[in-house]
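Some notes on the structure that comes next.
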Amino acid sequence: MKNLSLRDKILQTVVIKVDKDRFDSRQVGAAFFFGEIITEADEMGLEAARNTLAQYIDNANIPPLITSDFENGCGSMLKGLTPLPYLMSLGAANCEETAYLYGKATALEARSVGANWSFSPVSDLNINPRNPLVNVRGLTDDPELASRILKQVVRGMQENGLGACAKHFPGDGLDYRDQHLVTTNNTLSMEDWKRLSGKVFQDLIDDGVYSIMAGHITLPAYQKEVFETGMKLPATLSHELITDLLKNEMGFKGVVVTDALGMGGFNGWYKTKQIAEVEAFKAGCDMMLWPTEQYVDNMVEAVENGYISMERLDDAVDRILTMKEKLGLFGEDNHAIKLTEEEKAVVKKAQVDTAEKSITLIKDKEGFFPLSTNKLKKIAVIPITHHIPAFEEAELLCKRLNERGFEVTYYKEGIEDKDVDNYDLVLYALFSRPFRPIGFLDFHSSEAQKVLRSLQCGVDKTMVVSFGSPYFGNQYFERALTYVNAYSMLAPSVEAFVKAAMGDIPFTDYSPVKL
């Protein structure tokens with residue numbers, strides 16, 4: 001730190017987008033990459049990622065943090081790597097060994113392309129079933145379960161060279177709105193916050209998580225300061241929440257990174273985004289996720305005129321360099337580490353175990369399970385989703401049931417009432433995940449029409465499986481006699497459902513959220 005100029009120090013607080021921003025990549029603190037830098041879903045595509053990230057590593061004066069949103073494995077960001085079932089599947093599995101494996105698998109694949117920091121795990125409690133952003137991205141609504149399982153995920157990541165980042169402080173999952181669009185609120189009383197959201201973050205802090213992401217979320221029960229609009233500031237702009245609560249009261253010594261600065265929950269509080277960025281740093285955030293090109297010059301001016309103290313800047317840089325030191329980035333080769341066959345097996349096991357241990361049987365009043373061609377032969381499969389890529393998983397479901405000897409008909413556009421009598425089983429497959437697309441997880445338009453028809457006839461032969469929100473049962477299919485939650489609209493969860501339905505593996509009867 002003694003050898004760094006003022007500008008160099010400020011550059012350490014910057015997280016750029018790979019191939020997007022014009023900051024001097026030799027000096028920035030971190031670089032974030034999307035899957036869009038990959039064009040092929042094969043090893044050549046991965047090699048392109050390794051080469052691109054290697055350039056950032058080779059050109060840096062100080063080893064950079066290379067990061068992405070590896071919330072459910074690296075395959076969610078990079079084609080050719082392994083997607084893991086969404087985090088709520090881990091909650092349903094309720095297995096610490098599987099949780100550690102989940103974190104380890106993420107670390108192994110991240111390191112295989114040169115990444116060393118993940119903006120995960122999501123540590124929000126999905127207390128409000130109507131929250132559009134957490135849902136299956138979160139583990140549970142139970143703080144005890146969340147703490148126990150998330151600690152293992154973090155250990156699995158950090159013990160294998162990948163820095164973890166608990167998000168989104170002070171806790172999403174209470175509001176019915178989306179912080180990508182507007183500032184949202186954690187509406188808990190302080191007593192309840194310490195018992196719920198606060199407990200999860202405190203337990204992860206005490207267990208050594210390297211970083212925490214500040215959300216564009218208020219905590220009105222704690223905040224006394226009122227902004228000029230009469231409202232409370234989001235955590236990303238609140239000295240009370242980041243410095244007073246998180247750093248001082250909760251004792252967090254690691255790195256606080258903002259959520260993306262282009263989100264609606266951050267913008268509009270100050271006259272310009274450039275002013276808001278300096279205010280976010282002053283509030284206690286150590287790293288800015290995708291700041292404007294004027295950020296560094298504005299920060300230089302703010303320090304030189306005394307608006308930002310050198311003590312505040314040095315504290316932030318010290319936290320950043322300390323995390324890099326913990327990750328072993330100084331004096332070592334930080335390039336991609338090729339996976340061994342044994343490590344590839346670990347990743348595959350994490351994917352399969354998470355999926356197979358999490359298929360929750362909510363009710364089977366008709367006694368359909370295990371499925372057998374001796375009991376029924378003809379199955380109609382009707383997918384309901386507004387995420388177009390999920391239709392591929394619906395087709396996979398049909399394929400696997402066909403392979404088991406059933407006569408399966410795929411009704412992509414929905415089944416007519418007159419056709420229901422032709423089948424022994426009518427299987428509605430629901431696919432969803434937050435932010436795909438932006439908005440509530442409710443079914444709309446043609447999807448809603450499928451729901452409308454679903455229980456008009458053939459109720460006794462209707463089966464529903466949700467590869468997504470666990471709340472669809474109560475929301476749409478309360479009268480369905482057979483219902484399963486599988487939490488993830490990915491192929492491994494589809495495969496696991498078929499295995500459980502056939503009796504190859506047991507269902508779990510454990511729900512990670514209150515229904």
Subject >> Selection from the range 233-255 of residues that are over 16 Å from Val200 (Cβ atoms), outside any helix (DSSP H, G or I) and among the hydrophobic types (A, V, I, L, M, F, W, C) >> reply: Leu233, Val255
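May I ask you to verify whether Ala491 is under 25 Å from Pro370 (Cα atoms), open to solvent by 10 Å² or more (accessible area, probe 1.4 Å) and under 25 Å from the mean Cα position of the chain (by Cα)? Before you say what the answer is, go through the steps one by one.
Working: under 25 Å from Pro370 (Cα atoms): yes; open to solvent by 10 Å² or more (accessible area, probe 1.4 Å): yes; under 25 Å from the mean Cα position of the chain (by Cα): yes.
Yes, satisfied.
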Subject >> Selection from the range 451-475 of residues that are crowded, with 23+ Cβ neighbours inside 10 Å and without any contact (Cβ under 8 Å) to a residue 40 or more places away in the chain >> reply: Thr462, Val464, Val465, Ser466
Original post:
If you take the residues in the range 24-56 that are β-branched (Val, Ile, Thr) and under 30 Å from Arg319 (Cβ atoms), which one is modelled with the highest pLDDT?
Top reply: Val28
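Here is a list: Leu174, Leu188. Which entry is crowded, with 19+ Cβ neighbours inside 10 Å, over 18 Å from the mean Cα position of the chain (by Cα), modelled with pLDDT of 95 or more and outside any helix (DSSP H, G or I)?
Leu188
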**OP:** Exactly one condition in (1) open to solvent by 10 Å² or more (accessible area, probe 1.4 Å); (2) outside any helix (DSSP H, G or I); (3) on the phi < 0 side of the Ramachandran plot is not met by Cys285; state its number.
**Re:** (1)
Original post:
For Gly439, which of the numbered conditions (1) in contact with a Phe, Trp or Tyr (Cβ under 9 Å, 6 or more places away or on another chain); (2) touching a residue at least 60 places away in the same chain (Cβ under 8 Å); (3) small (Gly, Ala, Ser) fails to hold?
Top reply: (1)
Original post:
Taking the range 73-86 as the search range and keeping residues that are open to solvent by less than 10 Å² (accessible area, probe 1.4 Å) and either more than 18 Å from Ser432 (Cα to Cα) or not small (Gly, Ala, Ser) (or both), which one is modelled with the lowest pLDDT?
Top reply: Leu78
**OP:** Might you check whether a residue that is outside any strand (DSSP E or B), touching a Ser or Thr at 6+ places or on another chain (Cβ under 8 Å) and open to solvent by 40 Å² or more (accessible area, probe 1.4 Å) occurs anywhere in the range 194-202?
**Re:** yes
**OP:** State which residue pairs qualify: first residue within 18 Å of Thr243 (Cα to Cα) and touching a residue at least 12 places away in the same chain (Cβ under 8 Å) and inside the range 197-216, second residue open to solvent by 10 Å² or more (accessible area, probe 1.4 Å) and hydrophobic (A, V, I, L, M, F, W, C) in any location, beta carbons under 6 Å apart, and separation of 6 or more residues or different chains.
**Re:** Gln202/Met250; Ile205/Met250; His216/Met263
Original post:
Of the numbered conditions (1) open to solvent by less than 40 Å² (accessible area, probe 1.4 Å); (2) within 24 Å of Trp117 (Cβ to Cβ); (3) more than 27 Å from the chain's Cα centre (by Cα), Asp315 satisfies every one except a single condition; which is it?
Top reply: (1)
**OP:** Taking the residues in the range 203-235 that are open to solvent by 10 Å² or more (accessible area, probe 1.4 Å) and among the hydroxyl-bearing types (Ser, Thr, Tyr) as candidates, determine which candidate is farthest from the chain's Cα centre (by Cα).
**Re:** Thr229
Original post:
Any idea which residue in the range 4-23 is modelled with the lowest pLDDT, counting only those that are open to solvent by 20 Å² or more (accessible area, probe 1.4 Å) and not in a helix (DSSP H, G or I)?
Top reply: Lys20
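The values are calculated or read from the model by the stated rules, or taken from the named source; none is laboratory data. Everything quoted here is computed from the prediction, not taken from an experiment. For neighbour counting, all protein chains shown are included, and Cβ atoms are generated from backbone atoms with ideal geometry for every residue, glycine included. When the accessible area is computed, the model is the full protein with side chains, heavy atoms only, and any ligands, DNA or RNA have been set aside. Shrake-Rupley method; radii C 1.70, N 1.55, O 1.52, S 1.80 Å.
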